[in-house]
Amino acid sequence: PGIDAFLERELPNLLTKDTVILANIAGSTVEECVSIAEKLDETDVHMIELNISCPNVKKGGAAFGVHCESAEMITAAVRKATKKPLIVKLSPNVTSITDIAKAVESAGADSVSLINTLLGMRINIENRRPILRNNVGGMSGPAVFPIAVRMVYQVAQAVKIPIIGMGGIQNAEDALEFIMAGATAVSVGTANFTNPYATVEIIEGLERYMKENGVEDIRELIGIVK
């Protein structure tokens, strides 16, 4: 429905909740992303997450996030459009995710989140056509978990800004792997579709692990794997 519908219909309700609101934005041009960020900057949204996996229609459809130059350019433009903390969500469909992370860091990102979905494809063998209308689409869930942990670990060695880790987290043990790899926070997506209590159980599991292992502050575990 777009940014205006979000501001009118969704945000008022979200603001009644005792939680941090992180607005994920996307656009097919730099101008679209800047416009959305400017509108959100005037609201009580706490943070903005910029999705750079979207196709850049002015550059032949290649995603903003697959080249350092375009990733840096769109991050810098959105950075100028808002005073709110800016998180840039990185695509795993790249040659070197550390180079992209360093590019958006240099352009003013306050944090990075990773990974976004991997490109996948399925084919209907009866009609011999791709199952998805766009032929390919984003693959998430447990299958991407080891790739996501690896990329978070690599990015943690390359940047100084905080990392939000995501990709196939199902339980507290998975979340701990991300944290030990270098994530300051974690995000749970697909698991919510099969277990609505996933995030609550993960929080309880983290607390249990800390008590059992004598960890007083979870920040002790961030990036502990070198």
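Looking for whichever is without any contact (Cβ under 8 Å) to a residue 24 or more places away in the chain and either out of contact with any strand residue (DSSP E or B) (no Cβ under 8 Å at 6 or more places or on another chain) or within 21 Å of Gly182 (Cα to Cα) (or both) here; the options are Ser96, Ser91. Which one fits? First the steps, then the outcome.
On the way: Ser91 fails: without any contact (Cβ under 8 Å) to a residue 24 or more places away in the chain.
Among Ser96, Ser91, only Ser96 is without any contact (Cβ under 8 Å) to a residue 24 or more places away in the chain and either out of contact with any strand residue (DSSP E or B) (no Cβ under 8 Å at 6 or more places or on another chain) or within 21 Å of Gly182 (Cα to Cα) (or both).
Out of segment 88-104, which residues are closer than 13 Å to Glu69 by Cα and open to solvent by 50 Å² or more (accessible area, probe 1.4 Å)?
Asp99, Lys102
Would you confirm whether or not segment 111-125 contains a residue that is modelled with pLDDT of 95 or more, among the charged types (D, E, K, R) and open to solvent by less than 30 Å² (accessible area, probe 1.4 Å)?
no
Counting just the residues of segment 25-39 that are of a type in the set (A, V, I, L, M) and farther than 15 Å from Pro1 by Cβ, which one comes out least open to solvent (accessible area, probe 1.4 Å)?
Here is the first cut: in segment 25-39, the ones of a type in the set (A, V, I, L, M) are 25-26, 30, 34, 36-37.
Filter once more, keeping what is farther than 15 Å from Pro1 by Cβ: 30, 34, 37.
On the way: Val30: 29, Val34: 31, Ala37: 0 Å².
Among them, the one singled out is Ala37.
Just checking, which of Ile147, Ile169 is open to solvent by 20 Å² or more (accessible area, probe 1.4 Å), closer than 20 Å to Ser53 by Cβ and either assigned to a loop (DSSP other than H, G, I, E, B) or touching a residue at least 40 places away in the same chain (Cβ under 8 Å) (or both)? Spell out the reasoning first.
Values: Ile169 fails: open to solvent by 20 Å² or more (accessible area, probe 1.4 Å).
None of the other options fit; the residue is Ile147.
Scan segment 173-213 residue by residue and report those that are more than 19 Å from the chain's Cα centre (by Cα), under 17 Å from Ile224 (Cα atoms) and open to solvent by less than 40 Å² (accessible area, probe 1.4 Å).
Answer for segment 173-213, where residues must be more than 19 Å from the chain's Cα centre (by Cα), under 17 Å from Ile224 (Cα atoms) and open to solvent by less than 40 Å² (accessible area, probe 1.4 Å): Leu206, Met210.
Tell me yes or no: at least one residue of segment 126-137 is in contact (Cβ under 8 Å) with a residue 40 or more places away in the chain, in contact with a strand residue (DSSP E or B) (Cβ under 7 Å, 6 or more places away or on another chain), within 21 Å of Gly189 (Cβ to Cβ) and open to solvent by less than 20 Å² (accessible area, probe 1.4 Å).
Residues of segment 126-137 in contact (Cβ under 8 Å) with a residue 40 or more places away in the chain: none.
No, the conditions are met nowhere in segment 126-137.
Any residue in segment 45-52 that is modelled with pLDDT under 95 and open to solvent by less than 20 Å² (accessible area, probe 1.4 Å)?
yes
What are the pairs, 6+ residues apart or on separate chains, where a residue within segment 10-34 that is under 23 Å from Val78 (Cα atoms) and part of a loop (DSSP other than H, G, I, E, B) has its Cβ under 9 Å from a residue that is among the β-branched types (Val, Ile, Thr) and open to solvent by 80 Å² or more (accessible area, probe 1.4 Å)?
From residues that are under 23 Å from Val78 (Cα atoms) and part of a loop (DSSP other than H, G, I, E, B), the pairs are Ser28/Val57; Thr29/Val57.
The values are calculated or read from the model by the stated rules, or taken from the named source; none is laboratory data. Just so you know, these numbers come straight off a predicted model, no measurement behind them. Every residue, glycine as well, gets a Cβ built from its backbone with ideal geometry; the counts of neighbours run over all protein chains shown. For the accessible areas, the whole protein counts, side chains as well, though only heavy atoms, and no ligand, DNA or RNA atoms are used. Shrake-Rupley method; radii C 1.70, N 1.55, O 1.52, S 1.80 Å.
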